[in-house]
Amino acid sequence: MTSLPFQTGEELEDLLIRVFLKAADPGPTQGRLALTFAIHDPGAWLRVDGRDGQTAALSRGQTAREAESDLTFAMSGETAHAFWRGELNAVAAITAGNLKISGPLLRALALAPGLAKLQAAYRAETGG
């Protein structure tokens, strides 16, 4: 297993906020979607809200956890790391129960074009 670039949920939230700001992926705003990433081991929550169609607002922790979203992606910290590095086969992870998506799957698939930008930003932030 690769060493994770975070130890705590707070470190993971900080990392993901930097990644989303760096990548500036327009997917959530173009789709007018709110996305939540619910991560366990360590516990971290990040919400990207692009419902206004203009800018994606980021929230974290309890604020992200309590807000309603169109799509929620639930996974472990280890799975999240592989996902953001681009090393995870999402279909296999869903089938194995390592990645759970709540919400309309077609809307989740529509975000795929921006994923490469986010993964590149994650690799840049984590030295890979």
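The values are calculated or read from the model by the stated rules, or taken from the named source; none is laboratory data. These figures come from a predicted structure and were not determined experimentally. FYI the Cβ positions are ideal-geometry reconstructions off the backbone, even for glycines, and counts take in every protein chain you see. When the accessible area is computed, the model is the full protein with side chains, heavy atoms only, and any ligands, DNA or RNA have been set aside. Shrake-Rupley method; radii C 1.70, N 1.55, O 1.52, S 1.80 Å.
Filtering region 88-112 to residues that are within 14 Å of the chain's Cα centre (by Cα) and exposed (fewer than 14 other Cβ atoms within 10 Å of the Cβ) leaves LYS100, LEU109, ALA112.
May I ask you to verify whether ALA34 is touching a strand residue (DSSP E or B) at 6+ places or on another chain (Cβ under 6 Å), over 20 Å from GLN7 (Cα atoms) and free of Cβ contacts under 8 Å to residues at least 40 places away in the same chain? Quick ask: steps written out before the conclusion?
Values: touching a strand residue (DSSP E or B) at 6+ places or on another chain (Cβ under 6 Å): yes; over 20 Å from GLN7 (Cα atoms): yes; free of Cβ contacts under 8 Å to residues at least 40 places away in the same chain: yes.
So ALA34 passes the test.
When region 87-107 is filtered for residues that are in a helix (DSSP H, G or I) and over 24 Å from LEU4 (Cβ atoms), the ones remaining, listed by number, are LEU105, LEU106, ARG107. The set of residues in region 38-57 that are open to solvent by 50 Å² or more (accessible area, probe 1.4 Å), closer than 16 Å to LEU21 by Cβ and touching a strand residue (DSSP E or B) at 6+ places or on another chain (Cβ under 6 Å) contains only ALA57.
In this structure, is LEU33 within 18 Å of LEU111 (Cβ to Cβ) and open to solvent by 30 Å² or more (accessible area, probe 1.4 Å)? Quick ask: steps written out before the conclusion?
Numbers: within 18 Å of LEU111 (Cβ to Cβ): yes; open to solvent by 30 Å² or more (accessible area, probe 1.4 Å): no.
The answer is no for LEU33.
Tell me which residues, restricted to region 44-80, are out of contact with any Ser or Thr (no Cβ under 8 Å at 6 or more places or on another chain), charged (D, E, K, R) and part of a strand (DSSP E or B). The answer is ARG60, and nothing else. Count of region 13-27 residues, restricted to those that are within 11 Å of LEU118 (Cβ to Cβ) and open to solvent by less than 70 Å² (accessible area, probe 1.4 Å), is 7. Which residue out of ALA110, ALA93 is of a type outside the set (Ser, Thr, Tyr) and touching a Ser or Thr at 6+ places or on another chain (Cβ under 7 Å)? None of the other options fit; the residue is ALA93.
Does region 29-38 include one or more residues that are touching a Pro at 6+ places or on another chain (Cβ under 9 Å) and closer than 15 Å to TRP84 by Cβ?
Of the residues in region 29-38, the ones touching a Pro at 6+ places or on another chain (Cβ under 9 Å) are 34-35.
The next check asks that each one be closer than 15 Å to TRP84 by Cβ; those that pass are 35.
Yes, region 29-38 contains a residue that is touching a Pro at 6+ places or on another chain (Cβ under 9 Å) and closer than 15 Å to TRP84 by Cβ.
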